[in-house]
Amino acid sequence: MKVLTLNFLSCAVKSCKSSSDSFPLHPKDAELVSDDVELNQQLLVNLLPRIDWNALRTTSTELGFPQLPEQPPTAEELQADAKMLKDLHTLLMETQINEGKLVCGHCGHEYAVREGIANFLLPSHLV
Amino acid sequence: MLSTPSTSHVPYERVYEPAEDSFLLLDTLSSSSETAFLSQRFPSTPAQGPSSPAPLILEIGIGSGVVLAFLTAHAQALFARRDILTLGIDINRFACVATAQTVAKARPQSGSSGAGYFLGTAQGDLTSAVRPGQVDVLVFNPPYVPTAELPSLPPRLLGGDTDDKVTREKKTTYKEDSTLLALSYAGGRDGMEITERLIAALPDILSNRGVAYLLLCAQNKPDEVKGRIRGMKGGGPWRAETVGTSGKQAGWEKLQIVRIWRE
Ligand SMILES: [Zn+2]
């Protein structure tokens with residue numbers, strides 16, 4: 001599962017949906033693997049407007065990547081910044097969470113990730 | 001004609017095998033009317049206006065992964081842009097594993113291809129783990145066969161750490177395999193019990209520009225279903241139109257694809 005996916009997921013527990021703490025889920029004991037993907041500048045530029053930047057900053061820091069700036073770059077800034085392009089590409093498109101857990105900051109539920117596949121099925125008492 | 005992804009590696013004793021419904025989805029999504037609709041909905045070239053954000057494609061109930069792999073591998077042909085993200089969710093972990101392989105086989109490694117970007121697969125109950133307002137294209141080939149009862153996932157396959165052995169060593173029982181297959185087709189009352197839950201989630205899950213492709217069979221009473229969707233709250237007005245059909249039986253279309261979107 002690519003790290004970018006964390007920007008599109010939140011805790012599956014219904015009562016967590018309204019809490020801002022249920023997003024993003026927090027990786028725990030994450031084992032990362034890296035894919036070799038060709039950098040696509042247009043993709044990164046077109047991702048910017050749809051990414052929750054604050055959540056991405058949190059994810060990036062929690063996974064031990066360099067701290068992202070407080071504000072997202074503009075499309076022009078990103079296009080002119082080869083290092084930022086490379087950093088974002090590595091984090092979003094190349095890095096995968098292979099094993100570990102994803103933890104909800106609201107209810108504390110831990111979702112297991114095994115062989116790159118996260119499991120969001122809930123035990124019956126949480127459904 | 002766009003190539004159909006290979007699924008020869010998929011364990012069909014516990015993962016739904018591509019069938020008429022899967023192929024109707026492929027035909028419909030690659031029809032000239034749908035590719036025109038999608039490229040207008042998600043413009044990426046100056047002629048169509050300013051480039052829109054990279055679309056997120058989510059398929060629920062991926063099974064073998066044949067549809068998700070098709071969408072990923074043929075992004076440029078279908079969406080007139082390569083910068084699409086694809087994600088798959090299924091209640092069956094074996095389907096998640098199989099789909100990752102199907103996409104990897106279908107997506108050429110060379111960068112010059114027109115393939116999109118596969119985020120991965122996750123095990124889950126419909127869209128329960130998806131953050132609201134994010135999905136631009138949702139595809140659902142539901143369990144649509146009317147059945148007296150709804151199956152539930154065998155506890156050993158629910159997840160958590162205890163099932164590591166079961167899924168890693170692929171040691172399911174014959175009964176568990178039957179239940180996994182039943183989950184892929186058994187739809188309860190009118191074959192609509194699972195689909196109704198997905199429809200109820202659409203206003204929350206779809207982005208404002210979002211569109212859903214839903215497969216229905218004649219027993220699902222598709223005209224009533226479309227009527228209910230058109231009356232939904234949560235943005236809108238909601239549109240629901242049949243955009244693909246197959247298997248004429250005594251004047252009835254056996255299967256159809258309904259496109260659902262906000263005007
Ligand atoms: Zn939670």
Please report the net charge: other residues with Cβ closer than 15 Å to the Cβ of A:L91, K and R +1, D and E -1. -3
GNM on chain B, C-alpha springs below 10 Å: top fluctuator among B:R239, B:R209, B:R197? B:R197
How high is the relative contact order of the stretch A:3-126, given as a whole-number percent (alpha carbon pairs under 8 Å, six or more residues apart)? 36
Can you tell me how the stretch A:3-126 classifies by the Cα gyration tensor, rounded, prolate or oblate, using a/c under 1.5 as the rounded cut? prolate
What does the average come to when, for each residue of peptide A:78-84, you count the partner chain Cβ atoms lying within 10 Å of its Cβ? 0
Per-residue average of other protein chain Cβ atoms inside 10 Å, peptide A:106-113 -> 2
Across bins of 20 angstrom width beginning at 0, how are the C-alpha pair distances of the protein assembly as shown distributed, in whole percent? 28, 61, 10, 0
What does the charge add up to near B:R209, with Lys and Arg as +1, Asp and Glu as -1, over the other residues with Cβ less than 9 Å from its Cβ? +1
Under 8 Å for C-alpha pairs, at least 6 residues apart: give me the relative contact order for chain B, rounded to a whole percent. 19
Computed helical MRE - 222 nm, chain B, DSSP H runs ≥ 4 contributing -39500 (n - 2.57), nearest 500: -9500 deg cm²/dmol
Over chain A, with the other protein chains present, what is the accessible area per residue in square angstrom, probe 1.4 angstrom? 45
Using 7 Å Cα-to-Cβ label points, what is the A:N98/B:Q40 separation (nm, one decimal)? 4.6
12 Å beta-carbon shell around B:G63, net charge (K/R +1, D/E -1): -3
Need one number: buried accessible surface between chains B and A, 1.4 Å probe, both sides summed, DNA, RNA and ligands left out, in Å² to 100. 3100
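The values are calculated or read from the model by the stated rules, or taken from the named source; none is laboratory data. Only a predicted model underlies this, so the values are computations on that prediction, with no experimental measurement involved. Cβ: placed from backbone, ideal geometry, glycine included. Neighbour counts: every protein chain shown. These area figures cover heavy atoms from the full protein model, side chains too; ligands, DNA and RNA do not enter into them. Shrake-Rupley method; radii C 1.70, N 1.55, O 1.52, S 1.80 Å.
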